[in-house]
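Heads up: the structure comes next, in structure tokens.
Any read-out appearing in this document is the output of simple, stated calculations on the displayed coordinates, not a laboratory observation. These figures come from a predicted structure and were not determined experimentally. As a convention, Cβ positions derive from the backbone with ideal geometry for all residues, glycine included, and neighbour counts pool all protein chains shown.
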């Protein structure tokens, strides 16, 4: 499998912190935010990882991360010229890099500690399909995509930022896709906000009956607000202090 880390965007909600740097280079306690998804890729057994970012800060990532050997990876870089294209659009730019392989996609501002290796190993043996991750949260209305599961943990629905959520499970930025994903992205239509939505992509797999979901024990979307950035710093500090990370 190949790894894709999406680290672009404008991060307008974190200005002025992001006027002169990419949000994924901001610190989460003792290391840059981008280190967390990179280390998750390494623990999952992924060797080749593409960092997709904006043209303004691509050089900063290269200066910091270099060729990835420090992390036990081979790092590659790509540019997303349209930061408002959406997550699915950014994934689609990695088609040449993927070389027909399955992919593990992690959003660069997702902070978590769960090891993905067992799921990656299992997914590599599947003929086709996709995997999503969720986490149980309160007050989900209009914040995240919401995953509805039945009693057997089978995915029933995924709805992007619903006013009245059908569950308390938020869709997080960790996805695994078969090699059909790029063809499926080409068939997507932009949403009302003009983006190719990752939820629409995941719903294609759901309608096919080839989508599975796993839950994380904890997760923070550190790039969404000052409060979440602070929460991520405090939680990582506590987990390191208690030798849980």
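Can you tell me, using C-alpha contacts under 8 Å and at least 6 residues apart, the relative contact order of the chain as a whole percent? All intermediate terms of the calculation are to be shown ahead of the outcome.
Working: 464 pairs, mean separation 58.2, N = 245.
Dividing the mean separation by the residue count of the chain yields 24 percent.
Multiply the residue separation of residue 82 and residue 43 by 0.36 nm, subtract the distance between their alpha-carbon atoms, and state the gained length in nm to one decimal. Could the numbers behind the result be given before it?
Working: separation 39, 0.36 × 39 = 14.04 nm, distance 3.06 nm.
Answer, rounded to one decimal: 11.0 nm.
Express in % the proportion of alpha carbon pairs of the stretch 29-103 at distances exceeding 20 Å. Of the Cα pairs, 33 percent sit more than 20 Å apart. Spin-label model, residue 142/residue 167: points 7 Å from Cα along the beta carbon direction are separated by 2.4 nm.
Kindly identify the stretch 1-153 as rounded, prolate or oblate by the Cα gyration tensor criterion: order the square roots of the eigenvalues as a ≥ b ≥ c, call it rounded if a/c is under 1.5, otherwise compare a/b with b/c, prolate if a/b is larger, else oblate. Can you show the working numbers first?
Working: a/c = 1.55, a/b = 1.17, b/c = 1.32.
Here the stretch 1-153 falls in the oblate category.
Mean residue ellipticity, 222 nm, helices only, the chain: the sum of -39500 (n - 2.57) across DSSP H runs of n ≥ 4, divided by residue count and rounded to 500, is -7500 deg cm²/dmol.
Ranked by how many other Cβ atoms sit within 10 Å of their own Cβ, fewest first, the residues 212, 53 fall in the order 212, 53.
Taking the number of Cβ atoms within 10 Å of each Cβ as an exposure proxy, the fewest-first ranking of 191, 52 is 191, 52. If you take the square roots of the eigenvalues of the alpha-carbon gyration tensor of the stretch 84-183 and sort them as a ≥ b ≥ c, do you get rounded (a/c under 1.5), prolate (a/b over b/c) or oblate? Cα axes put the stretch 84-183 in the prolate bin. For the chain, modelled as a GNM whose springs connect Cα atoms under 10 angstrom apart, the maximal fluctuation among 164, 97, 123 occurs at 164. Treating the stretch 111-245 as a set of equal point scatterers at the Cα positions, no solvent, please give the Debye-formula log₁₀ I(q)/I(0) at q = 0.14, 0.16, 0.18, 0.20 Å⁻¹. Treating every Cα as an identical point scatterer, log10 I(q)/I(0) equals -0.72, -0.92, -1.13, -1.30. Each part gets one Cα centre, and for the stretch 170-245 versus the stretch 1-54 those centres are 13 Å apart.
When each of 12, 152, 18 is scored by the number of other beta-carbon atoms lying within 10 Å, the sequence from fewest to most is 152, 12, 18. Could you work out how far apart the two model spin labels at residue 234 and residue 101 are, taking each label as a point 7 Å from the Cα in the direction of the beta carbon, and quote it in nm? In this crude label model, residue 234 to residue 101 measures out at 4.0 nm.
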